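**Student:** Below is a structure I'd like to ask you about.
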Amino acid sequence: MPFVPHRLHGGGIMRNFIAKAVVVAATLLASSLGLAFESKQGRFSAAFPAEPKVQDKVTPRGSEHCHTLAKDGQSFLVIYYEPAADVKLLSTQQLLDAEERGLLAGNRVLRKRNFEFAKNPAREFEFKTKEGVLIMARVVVTKAHVFEIMSGASASSPTAQQKAFMTSFGLAR
């Protein structure tokens, strides 16, 4: 076993190094995806492989803004909405549960977890549709918006492009 200085043992410095290396690798992969798209109105950014189509509409859940792109047999999507008055009455947990029911209805869940994204409550899913499309999805609830970030591909496991897109999503400060 090679000599490792005591200050590197215990993982503090090593954990920080590994975490930074993962962030750098993800950033490089995300930038290789293509376009670093930024929505000033939505206060988010994501590395779409090309310019996404943007569509705004009013739905029962609120004023919705869809950013979508289908390319090379994969799809990339960021939707955010400003919740309607009745949706604002839901607790964060109720809102995440409702989003989950909507996304996962009739689909086979492969993985799900709750976590914090930039200090905001979030839930992440991986599931297969009835048609065999593998979807990676996240729901992030901020004070102003609810975000749905998704990527789909006909694959048995997440593709590098899906992972890079999901990792590239960020909130403006």
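The values are calculated or read from the model by the stated rules, or taken from the named source; none is laboratory data. Please read all numbers here as calculations on a predicted model, not as lab measurements. Methodologically, a virtual Cβ is constructed for each residue, glycine included, from the backbone with ideal geometry; neighbour enumeration extends over all protein chains shown.
**Student:** Quick check: is even one residue across region 114-121 in contact with a helix residue (DSSP H, G or I) (Cβ under 6 Å, 6 or more places away or on another chain) and under 19 Å from GLY42 (Cα atoms)?
**Tutor:** Taking region 114-121 first, the residues in contact with a helix residue (DSSP H, G or I) (Cβ under 6 Å, 6 or more places away or on another chain) are 121.
Next, only the ones that are under 19 Å from GLY42 (Cα atoms) stay: 121.
Checked region 114-121: at least one residue is in contact with a helix residue (DSSP H, G or I) (Cβ under 6 Å, 6 or more places away or on another chain) and under 19 Å from GLY42 (Cα atoms).
**Student:** Of everything in region 158-173, what is surrounded by fewer than 16 Cβ atoms within 10 Å (Cβ to Cβ) and either more than 11 Å from ARG43 (Cα to Cα) or in contact with a helix residue (DSSP H, G or I) (Cβ under 9 Å, 6 or more places away or on another chain) (or both)? Give them in sequence order.
**Tutor:** The first filter runs over region 158-173 and keeps only residues surrounded by fewer than 16 Cβ atoms within 10 Å (Cβ to Cβ), leaving 160, 172-173.
Answer for region 158-173, where residues must be surrounded by fewer than 16 Cβ atoms within 10 Å (Cβ to Cβ) and either more than 11 Å from ARG43 (Cα to Cα) or in contact with a helix residue (DSSP H, G or I) (Cβ under 9 Å, 6 or more places away or on another chain) (or both): just ALA160.
**Student:** How about region 49-98: which of its residues are among the small types (Gly, Ala, Ser) and either over 27 Å from SER156 (Cα atoms) or surrounded by 15 or more Cβ atoms within 10 Å (Cβ to Cβ) (or both)?
**Tutor:** GLY62, SER63, SER75, ALA84, ALA85, SER91, ALA98
**Student:** Which of the following residues is farther than 18 Å from THR167 by Cβ, without any contact (Cβ under 8 Å) to a residue 60 or more places away in the chain and assigned to a helix (DSSP H, G or I): ASP56, ASP86?
**Tutor:** ASP86
**Student:** Just checking, which of SER75, SER45 is in contact with a strand residue (DSSP E or B) (Cβ under 6 Å, 6 or more places away or on another chain), closer than 22 Å to LEU134 by Cβ and at pLDDT 95 or above?
**Tutor:** SER75
**Student:** Determine whether region 142-152 contains at least one residue that is β-branched (Val, Ile, Thr), farther than 20 Å from SER63 by Cβ and either over 13 Å from the mean Cα position of the chain (by Cα) or not in a strand (DSSP E or B) (or both).
**Tutor:** Within region 142-152, none of the residues are β-branched (Val, Ile, Thr), farther than 20 Å from SER63 by Cβ and either over 13 Å from the mean Cα position of the chain (by Cα) or not in a strand (DSSP E or B) (or both).
**Student:** If I ask for residues that are part of a strand (DSSP E or B) and buried (at least 16 other Cβ atoms within 10 Å of the Cβ), which ones from region 34-48 would you list?
**Tutor:** First, pick out the residues of region 34-48 that are part of a strand (DSSP E or B): 35-39, 44-48.
Of everything in region 34-48, those that are part of a strand (DSSP E or B) and buried (at least 16 other Cβ atoms within 10 Å of the Cβ) turn out to be PHE37, SER39, PHE44, SER45, ALA46, ALA47, PHE48.
**Student:** Out of the residues in region 139-153 that are touching an Asp or Glu at 6+ places or on another chain (Cβ under 8 Å) and surrounded by fewer than 19 Cβ atoms within 10 Å (Cβ to Cβ), which is nearest to ALA85 (Cα to Cα)?
**Tutor:** Among those residues, the one meeting the criterion is ALA144.
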